[in-house]
Amino acid sequence: MSGMENAMETRSKASEWLVTRRAAADWSEADQAALDAWLAQSPANRIAYWRLEAAWNQAQRLTVLRRPADAPRMGATRAGSVVRIVSALALIAAIAAAGAFYVSMPTTKTYATPIGGHLTVALSDGSKIELNTDTVLRLSDGAHARVASLEKGEAYFQIKHDTARPFSLSASGHRVVDLGTKFSVRERADRVEIMLIEGRASIEAEDAGAQRAVLKPGDVAIATRNSLSVLKKPIREMNDKLAWRQGMLSFKYVTLAEAAGEFNRYNDTKIIIADTHVAHLTIYGTFPAKDVAAFADAAQAYFQLHVVNRGGSVVISR
């Protein structure tokens, strides 16, 4: 039985004791002893009973205040009063139960960043999620579970482990379950990449019977629709890939084509590599993610390339 069902049963029992038994004319010492025993069973019983008793007493006082001077006394109207009070108490109990159910339901929100945007979302327990450029994340932060879905983009997660409120993330048909973790997830066109920085996390396909892996610090999981592989990377290299958290892009011997693709994620002004020779040149350096001009100037200086602004784009060629 759920906690809400237990609470409703307790309130119902309290109403029965208060209205249909204690209000009866033949209330005996044995009845009182049974009531005392029920109250002694748990604090929840006593609290439910005392709350309804207060409502009962308030209802009686209102009845006395509103009764006309020539109205009949309790003997003639006792049954009607009891029925009215029972109905009122039932309504109070129903409203309270509905309120408890509403409060316990998780709230689902959608968070999004524009191109070049960066957003930090704080969960109720102090966990944090950082959204990178052009990212959409749906999050349910409930009393019994924390559930997120990365619709597109990239995010970094700092999750406080709580067995009573597990955290899980869905991305590209795969589920990541936190085991006390700092990790990043990036959606790509044909795969999703998960880098585990600290702690542990499990990853599995949402289809039953598919591959599953438990990740440790330094693990990079690459998941496609039909496969799951885990590579080992130095933590320092992982941190370089997370330079976006400080508004930077860090490249270590990556091709100009790859670097341009990264810059294009953060800027409306796109970098176009004009030929394959230039595309395969490699670059090493750290740049502000929104400074396309700095990257173009570096490419021009290092490789003596030709850079021109054309129709809102930066074209790099020999």
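Remarks
- Note on segment 275-313: residues that are of a type outside the set (A, V, I, L, M, F, W, C), free of Cβ contacts under 8 Å to residues at least 24 places away in the same chain and part of a helix (DSSP H, G or I) total 4.
- Among the candidates 272, 235, 316, residue that is in contact (Cβ under 8 Å) with a residue 12 or more places away in the chain, within 26 Å of residue 114 (Cα to Cα) and either surrounded by fewer than 16 Cβ atoms within 10 Å (Cβ to Cβ) or under 28 Å from the mean Cα position of the chain (by Cα) (or both): 272
Residues are listed down the side, and each one gets a yes or a no for (1) within 23 Å of residue 258 (Cα to Cα); (2) part of a strand (DSSP E or B); (3) modelled with pLDDT under 90; (4) not small (Gly, Ala, Ser):
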site: 164; (1), (2), (3), (4): no, no, yes, no
site: 170; (1), (2), (3), (4): no, yes, no, no
site: 175; (1), (2), (3), (4): no, yes, yes, yes
site: 178; (1), (2), (3), (4): no, yes, yes, yes
site: 181; (1), (2), (3), (4): no, yes, yes, yes
site: 189; (1), (2), (3), (4): yes, no, yes, no
site: 193; (1), (2), (3), (4): yes, yes, no, yes
site: 196; (1), (2), (3), (4): yes, yes, no, yes
site: 201; (1), (2), (3), (4): no, yes, no, no
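- Hits in segment 241-257 (condition: without any contact (Cβ under 8 Å) to a residue 40 or more places away in the chain and under 29 Å from the mean Cα position of the chain (by Cα)): 246
- Scan of segment 175-196 for residues that are farther than 17 Å from residue 135 by Cβ and of a type outside the set (D, E, K, R), ordered by number: 177, 179, 180, 181, 196
- For segment 131-155, filtered to residues that are touching a helix residue (DSSP H, G or I) at 6+ places or on another chain (Cβ under 6 Å) and surrounded by 14 or more Cβ atoms within 10 Å (Cβ to Cβ), the residue that is nearest to residue 179 (Cα to Cα) is 132.
- Strands (runs of 3 or more DSSP E) enclosed by segment 70-154 - at least 2 residues per element that are modelled with pLDDT of 55 or more and more than 30 Å from residue 290 (Cβ to Cβ): 107-112, 136-141, 146-152
- Taking first residues from segment 169-186 that are assigned by TED's automatic domain parsing to the domain that holds residue 218 and partners that are outside any strand (DSSP E or B), the Cβ contacts under 6 Å between residues at least 6 apart in sequence or on separate chains come to 173/206; 175/206; 180/161.
- Any hit, segment 224-240, residues being at pLDDT 95 or above, in a strand (DSSP E or B) and in contact with a helix residue (DSSP H, G or I) (Cβ under 8 Å, 6 or more places away or on another chain): no
- Test: residue 294 is surrounded by 14 or more Cβ atoms within 10 Å (Cβ to Cβ) and either in contact with a strand residue (DSSP E or B) (Cβ under 9 Å, 6 or more places away or on another chain) or within 25 Å of residue 172 (Cα to Cα) (or both): no
- Residue check for residue 299: surrounded by fewer than 16 Cβ atoms within 10 Å (Cβ to Cβ), among the aliphatic types (A, V, I, L, M) and either out of contact with any Gly (no Cβ under 6 Å at 6 or more places or on another chain) or within 19 Å of residue 241 (Cα to Cα) (or both): no
- Residue 291 being acidic (Asp, Glu) and closer than 22 Å to residue 135 by Cβ: yes
The values are calculated or read from the model by the stated rules, or taken from the named source; none is laboratory data. Since the model is a prediction, treat every value here as computed from it, not as a measurement. Neighbour counts run over all protein chains shown; Cβ positions are idealised from the backbone, glycine included.
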